[in-house]
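**Q** If you scroll down you'll find the structure; I have some questions about it.
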């Protein structure tokens, strides 16, 4: 009976080890596998979207390619939305999330964040003829926002019951809703609006106020200390070497602004 119990215990332990290893791949696991699986945005141009050739393209996609190159492993890209990027990481479907993701205390309870790798601010945008300077001026208006994003979470705490929040599942749908007149106000990131105006040059829109300055961070599973340290060194190296600045000029049309250091 003791031998049977030991076999059962060892078997369960081995199964657990396999499960944990699959769900929480650290740096050595990635190197041994010879492949890194990275989540990138599929609907958040210019950070990430589907290009004319139906392949992912954007700032985050290029950063993911640099990571795979420096790791000297194969790259597998997994397109994600704002709603599923963290669940994909927690379930072990991806090793790293590079998806224009802001860091906050709530998210930090479930995943780890690297140093910031890209600039970003969340804002309230509307036509020039709308007088809006704070959340208090949004009364009676309809707001288009992508569900579960930092903008959704932050603004929901600041507006009253007289504001209609129309939440959409992805950024493309949110933008389309605003352009079609379904909302008076667009709440999103600065680069999203810049891309929208580029694609729709007749659209008159301006920044009304900034909700939050929120540089983008990469996300990894909790406990992967070696991977976290490697990514922090990677980000520092690419900042100092000018690689991130080159990508910023390519996708945002401006030099990379100064980013805060990781405390």
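The values are calculated or read from the model by the stated rules, or taken from the named source; none is laboratory data. Given the structure is predicted, the values throughout are model-derived calculations rather than measurements. Methodologically, a virtual Cβ is constructed for each residue, glycine included, from the backbone with ideal geometry; neighbour enumeration extends over all protein chains shown.
**Q** Among 30, 98, which is the only one that is in the same structural domain as residue 243 (by TED's automatic domain parsing), in contact with a helix residue (DSSP H, G or I) (Cβ under 8 Å, 6 or more places away or on another chain), modelled with pLDDT of 95 or more and not in a strand (DSSP E or B)? Spell out how you get there, then give the answer.
**A** Details: 98 fails: not in a strand (DSSP E or B).
That would be 30, the only listed residue that is in the same structural domain as residue 243 (by TED's automatic domain parsing), in contact with a helix residue (DSSP H, G or I) (Cβ under 8 Å, 6 or more places away or on another chain), modelled with pLDDT of 95 or more and not in a strand (DSSP E or B).
**Q** What is the one condition in (1) assigned by TED's automatic domain parsing to the domain that holds residue 209; (2) in a helix (DSSP H, G or I) that residue 106 does not satisfy?
**A** Failing condition for residue 106: (1).
**Q** Among the residues of region 101-126 satisfying the criterion of being surrounded by fewer than 19 Cβ atoms within 10 Å (Cβ to Cβ), more than 14 Å from residue 189 (Cβ to Cβ) and within 13 Å of the chain's Cα centre (by Cα), which is modelled with the highest pLDDT?
**A** 107
**Q** Any chance region 187-196 includes a residue that's in contact with a strand residue (DSSP E or B) (Cβ under 6 Å, 6 or more places away or on another chain), part of a strand (DSSP E or B) and either surrounded by 15 or more Cβ atoms within 10 Å (Cβ to Cβ) or not assigned by TED's automatic domain parsing to the domain that holds residue 105 (or both)? Before you say what the answer is, go through the steps one by one.
**A** Filtering region 187-196 for residues in contact with a strand residue (DSSP E or B) (Cβ under 6 Å, 6 or more places away or on another chain) gives 187, 189-190, 193.
Still in the list and also part of a strand (DSSP E or B): 187, 189.
Then drop every residue that is not either surrounded by 15 or more Cβ atoms within 10 Å (Cβ to Cβ) or not assigned by TED's automatic domain parsing to the domain that holds residue 105 (or both), which leaves 187, 189.
Yes, that holds for at least one residue.
**Q** May I pose another question? Restricting region 39-88 to residues that are touching a strand residue (DSSP E or B) at 6+ places or on another chain (Cβ under 9 Å), within 25 Å of residue 239 (Cβ to Cβ) and assigned to a loop (DSSP other than H, G, I, E, B), which is modelled with the highest pLDDT?
**A** Going through the qualifying residues, I end up with 73.
**Q** Can residue 235 be described as touching a residue at least 60 places away in the same chain (Cβ under 8 Å), part of a strand (DSSP E or B) and assigned by TED's automatic domain parsing to the domain that holds residue 88? Before you say what the answer is, go through the steps one by one.
**A** Numbers: touching a residue at least 60 places away in the same chain (Cβ under 8 Å): yes; part of a strand (DSSP E or B): no; assigned by TED's automatic domain parsing to the domain that holds residue 88: yes.
No: the conditions fail for residue 235.
**Q** If you don't mind, there's one more thing I want to ask. Failed condition for residue 184, given (1) closer than 27 Å to residue 106 by Cα; (2) in contact with a strand residue (DSSP E or B) (Cβ under 6 Å, 6 or more places away or on another chain); (3) not assigned by TED's automatic domain parsing to the domain that holds residue 90, with all others met?
**A** (1)
**Q** Scanning for something loosely packed, with under 14 Cβ neighbours inside 10 Å, over 19 Å from the mean Cα position of the chain (by Cα) and in a helix (DSSP H, G or I), does region 159-178 turn up at least one residue?
**A** No: zero hits.
**Q** Kindly indicate whether any position in region 144-157 is assigned by TED's automatic domain parsing to the domain that holds residue 207, touching a strand residue (DSSP E or B) at 6+ places or on another chain (Cβ under 9 Å), over 30 Å from residue 64 (Cβ atoms) and surrounded by 17 or more Cβ atoms within 10 Å (Cβ to Cβ).
**A** At the first step, the residues of region 144-157 found to be assigned by TED's automatic domain parsing to the domain that holds residue 207 are 144-157.
Okay, now just the ones that are also touching a strand residue (DSSP E or B) at 6+ places or on another chain (Cβ under 9 Å), so 144-152, 154-156.
Now narrow it down to the ones that are over 30 Å from residue 64 (Cβ atoms): 156.
With surrounded by 17 or more Cβ atoms within 10 Å (Cβ to Cβ) added as a condition, the list becomes none.
No: region 144-157 contains no residue that is assigned by TED's automatic domain parsing to the domain that holds residue 207, touching a strand residue (DSSP E or B) at 6+ places or on another chain (Cβ under 9 Å), over 30 Å from residue 64 (Cβ atoms) and surrounded by 17 or more Cβ atoms within 10 Å (Cβ to Cβ).
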